[in-house]
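Just below is one structure, and these are the notes that go with it.
The values are calculated or read from the model by the stated rules, or taken from the named source; none is laboratory data. Remember, predicted model here, so these are calculated numbers, not experimental data. Every residue, glycine as well, gets a Cβ built from its backbone with ideal geometry; the counts of neighbours run over all protein chains shown. Side chains are part of the model used for accessible areas, which takes the heavy atoms of the whole protein and leaves out ligands, DNA and RNA. Shrake-Rupley method; radii C 1.70, N 1.55, O 1.52, S 1.80 Å.
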Amino acid sequence: MFIFNHKKTFMRRREFIRNASVAATGLTVLNFPVFGKNAPGNKVTVAVMGVNSRGAYLAKCYSQLQNVEVAYICDVEDKAIGNGLNALKDAPRKPTVIRDIRKLLEQKDFDALIIAAPDHWHTPAAILGVQHNKHVYVEKPCGQNPYEGELIGQALNKYGKHIQMGNQRRSMPTLIDAVKQVRGGIIGNPYFAKAWYTNDRKSIGYGKKIAVPSTLDFELWQGPAPRKDYQDNLVHYNWHWFWHWGTGEACNNGTHEIDCCRWFLGVDFPTKVTSAGGRYAFKDDWQTPDTQVASFEFGNEKAISWEGRSCNNFPVEGTGRGFIIYGDKGSLINLGGGDYKIVDEKNKLIKEVKSDVAADPTNPVSATGNLDLYHFDNFIRTVRGEASLNSPVTEGHKSVLLCHLANISQRRGRTLHCDPSNGHILNDEEAMQLWRRQYENGWEPKV
């Protein structure tokens with residue numbers, strides 16, 4: 001048994017990695033050369049867009065990485081700006097606040113844009129970033145719809161800047177090692193994967209249309225989305241459950257484990273997608289499913305299933321999130337973090353890796369704690385030219401697309417048959433109408 005050990009909330013990068021690596025003897029270890037890291041030419045300066053919750057956490061994490069400076073924060077709401085500034089109160093540099101992302105990107109003195117704004121901003125902001133010569137780290141999903149996922153891939157290829165999505169498990173050393181073991185045959189042929197997410201979210205009620213609070217620039221908040229009236233149950237978090245801005249629990253949380261399933265199975269685009277579920281727990285403004293069971297088939301060889309329960313947190317396998325990879329000679333079980341165990345075909349334990357960074361499945365800031373720093377560090381090292389992205393955005397798009405397809409299947413009430421070369425829906429014009437969205441005039445993202 002190997003124990004993966006992290007003790008401090010925020011560590012300098014080398015200390016963080018060193019402690020983890022020593023404890024995880026026998027696992028794949030990330031190699032961080034130390035020569036010249038503090039040279040001025042190696043400093044990476046970043047700006048963070050969207051700093052209410054997850055974004056404030058990202059700002060603090062990036063400020064703790066060695067020779068990384070957070071120069072700007074960007075948000076359209078006063079409380080969120082306060083959260084961002086508070087997260088950086090101990091940072092050597094006090095960040096400048098710029099509310100408009102377009103004005104932020106006119107600044108020449110930063111290298112990378114970190115995006116943690118609402119989903120409908122992810123792709124438009126990322127494209128603006130690379131068009132202004134910035135590398136981009138964008139939280140999942142890498143698009144509010146399938147079209148945007150394709151668009152962000154085009155931007156990656158056209159502008160030559162790095163774009164990484166926040167599928168943080170792709171950079172966890174334990175899971176990187178686990179994939180190698182599965183690819184090496186430790187559970188035989190992996191042919192099926194099951195993933196899940198549970199929570200106990202409450203009703204959002206019926207919102208009232210009221211005047212926009214003076215603390216919020218709702219025009220900028222909506223940005224590329226066609227204009228709607230403000231209502232009092234939308235900002236900050238509940239926009240996730242409205243199709244106009246959000247993408248539901250599938251993209252909000254399902255992305256992570258579905259991405260792992262696809263990674264471990266070694267599959268790309270599906271041939272068949274089905275979804276069952278609905279808004280069952282409450283009657284209110286919430287539009288996306290609170291209960292969803294989606295399945296993804298990859299020809300006649302492999303399949304993935306995902307169960308999401310936003311409003312009933314009874315655990316699966318004793319935890320609120322995780323995934324299992326099934327093979328013809330055994331199975332691999334992950335319980336939501338960097339841990340895993342492997343059993344043989346008789347369910348006898350043959351290997352177990354534990355982490356003292358306990359997964360916190362319903363934590364909206366970081367469900368996997370400081371293990372996220374591996375992914376942030378991989379992005380920064382790639383910007384410096386010292387590494388390659390563990391999961392470029394084109395890889396993230398394939399996993400997000402599965403979630404979008406599940407939502408389209410759910411909304412149209414039928415099975416989708418897809419082109420295995422790109423995931424496009426075949427022979428269903430009505431379903432393909434949900435492939436992309438309408439944009440506010442003058443805001444449509446273009447590559």
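Run down A225, A250 and say which single residue is open to solvent by less than 50 Å² (accessible area, probe 1.4 Å), under 26 Å from T123 (Cβ atoms) and out of contact with any strand residue (DSSP E or B) (no Cβ under 7 Å at 6 or more places or on another chain).
A225
When the residues of the stretch 351-384 are filtered to those that are without any contact (Cβ under 8 Å) to a residue 60 or more places away in the chain and of a type in the set (A, V, I, L, M, F, W, C), which remaining residue is surrounded by the most Cβ atoms within 10 Å (Cβ to Cβ)?
A359
Identify, by number, the condition in (1) farther than 21 Å from R169 by Cα; (2) part of a loop (DSSP other than H, G, I, E, B); (3) open to solvent by 10 Å² or more (accessible area, probe 1.4 Å) that P270 doesn't meet.
(3)
Within the stretch 59-75, is even one residue aromatic (F, W, Y) and at pLDDT below 95?
Checking the stretch 59-75: not a single residue is aromatic (F, W, Y) and at pLDDT below 95.
Sort through A387, A406 and tell me the only one that's touching a helix residue (DSSP H, G or I) at 6+ places or on another chain (Cβ under 8 Å) and surrounded by fewer than 22 Cβ atoms within 10 Å (Cβ to Cβ).
Of the residues listed, the single one that is touching a helix residue (DSSP H, G or I) at 6+ places or on another chain (Cβ under 8 Å) and surrounded by fewer than 22 Cβ atoms within 10 Å (Cβ to Cβ) is A387.
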